[in-house]
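Structure, as structure tokens:
The values are calculated or read from the model by the stated rules, or taken from the named source; none is laboratory data. Source: prediction; values computed, not measured. For neighbour counting, all protein chains shown are included, and Cβ atoms are generated from backbone atoms with ideal geometry for every residue, glycine included. The protein model used for the area step is the full one, side chains on, heavy atoms only, and it has no ligands, DNA or RNA in it. Shrake-Rupley method; radii C 1.70, N 1.55, O 1.52, S 1.80 Å.
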Amino acid sequence: MAKSLFGRPLLPLLALPLLFAPISAPAQSDAAPYVVAESGRGYGRLQDAIDAIGEGAGTIRIAPGYHRDCAVQTVGRVAFVAAEPGRAIFDGVTCEGKAALVLRGSGARVDGLVFQNMRVPDGNGAGIRLEKSNLDVANSLFRNSEEGILTADDPAATLTIDRSTFSRLGRCDRGLSCAHSVYTGVYGRVVVTRTRFEKGSGGHYLKTRAKQVDVSDNSFDDSQGTTTNYMIDLSSGATGRIANNLFVQGRDKENYSAFITVAPEGRDNPSRGLAIAGNRASLPDGIGRKSVFVADWSGEPLAIGTNELGPGLTRFEKR
């Protein structure tokens, strides 16, 4: 097993096999690419499969191959599941100028899918645009796009991400607002576990306005990032925990002043008791600069426990 900069085992990079898996052949025309599991009926368009589920609940099995398709879910509960994890690839097609999947139904699950090459005129092309309700994402890969996941506001809902990879995402150019690997609006709760963030191309890796967060057992590897900013930006403050993550800051930064920020854009959410412990963080060898592990604008007492910080890193700074 690979070793960290501190001589301890690196966090398991559970989603990395997706990055190196051979890309499958395009979906075959003699078999339906989308099958509603409950009925066994196949569809040539993802939108038709979603519409067939309607206001009910159902699972859509997605065949291996490139899917130059997109869809909007407005009602019902839909699970989008790859028939072969890592082999169903949504490539470069967006709906409503937003994302491959635009979700505003009663709930959704995404499992084993790949989203890549999403770009739109406003600079927010995403694999998934979540506009309301709960979403669970697992075993999925988001790469080479402007954003991985972007949400609107739903203070009663939860976004959960597990065992996934976000690679070569984000941007801050063209005079547009920045895009990020994951950017959530005012969600009730955001949970990110056992996930890898890497090779960012601008913006933050995880930016959220959620009221509560649980960000644990992830890796934030910025060593090959370009013009990136913070690893975790709790823009409006948050409670919850950030625990047992690995952070490696890269050399090519637009803003290297902090790894984790709390309430830099406003104190809309309470932050009292936010727990930050068990993490490991480092700067590049020989970089000759310093940074702050946690920068806080909230003014509330945070529960910063023991974290393993490399040379040049200051534990906490009030801003």
On the full set of protein chains, 1.4 Å probe, figure out the accessible area of Val186 and give it in Å² to the nearest 10.
40
I'd like the distance between the alpha-carbon centres of region 241-319 and region 63-104, rounded to an integer number of Å.
35
Rounded to the nearest 5, what % of the DSSP beta bridges within the chain are antiparallel ones?
10
Given unit charges at Cβ for Lys, Arg (+) and Asp, Glu (-), the dipole magnitude of the chain about its Cα centre in debye, nearest 20, is 640
For the chain, report the accessible area per residue in Å² (1.4 Å probe, heavy atoms, rounded to an integer).
39
To make sure I understand the rule: partners must be lysines, Cα under 23 Å from the Cα of Lys98, and not fewer than 8 residues away in the same chain. Which ones qualify?
Lys132, Lys199, Lys207
So for region 210-255: antiparallel DSSP bridges make up what percent, rounded to the nearest 5?
0
Helix-only [θ] at 222 nm, the chain, -39500 (n - 2.57) per DSSP H run of 4+, per residue, nearest 500, equals -1000 deg cm²/dmol
Determine the order of Thr59, Thr184 by accessible area, beginning with the largest, at a probe radius of 1.4 Å.
Thr59, Thr184
Sequence-distant or interchain residues sharing an amide H contact under 5 Å with Ala258, placed H: which?
Val292
With a 1.4 angstrom probe the carbon and sulfur portion of accessible area for the chain, in percent, totals 48
Which one, Val102, Gly58, Asn124, projects farthest toward the positive side of the charge dipole computed for region 44-155 from Cβ point charges (K/R +1, D/E -1)?
Gly58
